[in-house]
1. Scan the stretch 87-126 for residues that are surrounded by fewer than 18 Cβ atoms within 10 Å (Cβ to Cβ) and among the polar types (S, T, N, Q) and jot them down.
2. Filter the stretch 170-191 down to the residues that are in contact (Cβ under 8 Å) with a residue 12 or more places away in the chain and under 21 Å from Q25 (Cβ atoms) and list them by number.
3. Does E113 satisfy the condition of being on the phi < 0 side of the Ramachandran plot and under 14 Å from the mean Cα position of the chain (by Cα)?
4. Take S135 and decide whether it is outside the structural domain of P10 (by the TED database) and assigned to a helix (DSSP H, G or I).
5. Here is a list: I105, I120, I202. Which entry is assigned to a helix (DSSP H, G or I), within 16 Å of the ligand (Cβ to nearest atom) and more than 30 Å from K82 (Cβ to Cβ)?
6. Going by the conditions given, is D83 touching a residue at least 40 places away in the same chain (Cβ under 8 Å) and acidic (D, E)?
7. Considering only the stretch 30-52, I want to know if a residue exists there that is away from the ligand (no atom under 14 Å from the Cβ), surrounded by 16 or more Cβ atoms within 10 Å (Cβ to Cβ) and either assigned to a helix (DSSP H, G or I) or not assigned by the TED database to the domain that holds D151 (or both).
8. What's the total number of residues in the stretch 63-75 that are without any contact (Cβ under 8 Å) to a residue 12 or more places away in the chain and more than 9 Å from the ligand (Cβ to nearest atom)?
Amino acid sequence: MPAYTITYFPVRGRCEAMRMLLADQGQDWKENVVEINMWMKGDLKASCLFGQLPKFEDGDFTLYQSNAMMRYLGRKHGLYGKDDKQASIIDMMNDAVEDLRLKYIKLIYQEYETGKEKYIQDLPNDLSKFEKILSGNKGGFVAGDEISFADYSLLDVLRNHQVLAPKCLDSFPTLKSYVDRLSSRPKIKAFLESDEHKKRPINGNGKQ
Ligand code: 0HH
């Protein structure tokens, strides 16, 4: 029986970075898929610490907040840098990814029709920051020379943006090769090619 359980809606959303991490680390997990009609009944929502999903379980240990889950798995699977300074850079990068994810979520769920063009126009302003940071780190990851939990977060957000704006990485060669290199890691590649991943929509409203 897998150690981990992810309880979430049938979307990639806030869990696909964690799924890539688990797949890449050779971990099994169970998916507890919550359809919207079940969520609307209210009992599960009432039981969630902050009234939201995802919920993550490791045996009898339960966590809410997707980034706390990433940090937990980072600590548990050696994906949190080699010292306190690297760990702090990894935290900083994960927070920066969260800022971009929140902008993306706002676009997808609130402003898609009115704001997509402007969003794509402004996107290089955000991407250039990540390009600069990654090109300054010869190790090829957000910090040091080993993958960290924040790399899976960044990979997920960049891949989502490639769906939103397929050419968005064309002027960012380091980011482009970073996405290609991480996506080609054998276990990530197998996960990305799985029906499980391919059939799961990125977002819950059909927009991407
Ligand atoms: N800070 C939290 C975290 O990182 C934010 C969690 C959150 O926003 O974990 N949860 C949302 C779902 S994520 C939630 O629980 C967005 C995906 C929405 C897809 C839903 C589609 C269902 C389609 C069948 N929202 C529900 C709620 O707040 O009641």
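The values are calculated or read from the model by the stated rules, or taken from the named source; none is laboratory data. Being a predicted model, the structure only gives us computed values, none of them experimental. Counting neighbours? That spans all protein chains shown, and the Cβs are built from the backbone with ideal geometry, glycine included.
1. S88, Q110, T114, Q121, N125
2. Y178, V179, R181, L182, S183, R185, K187, I188, A190, F191 - these are the residues of the stretch 170-191 that are in contact (Cβ under 8 Å) with a residue 12 or more places away in the chain and under 21 Å from Q25 (Cβ atoms).
3. Taking the combined requirement at face value, the residue does not satisfy it.
4. Taking the combined requirement at face value, the residue satisfies it.
5. Answer to the selection: I105.
6. Criteria not met by D83.
7. No; the residues of the stretch 30-52 include none that is away from the ligand (no atom under 14 Å from the Cβ), surrounded by 16 or more Cβ atoms within 10 Å (Cβ to Cβ) and either assigned to a helix (DSSP H, G or I) or not assigned by the TED database to the domain that holds D151 (or both).
8. Of the residues in the stretch 63-75, 2 are without any contact (Cβ under 8 Å) to a residue 12 or more places away in the chain and more than 9 Å from the ligand (Cβ to nearest atom).
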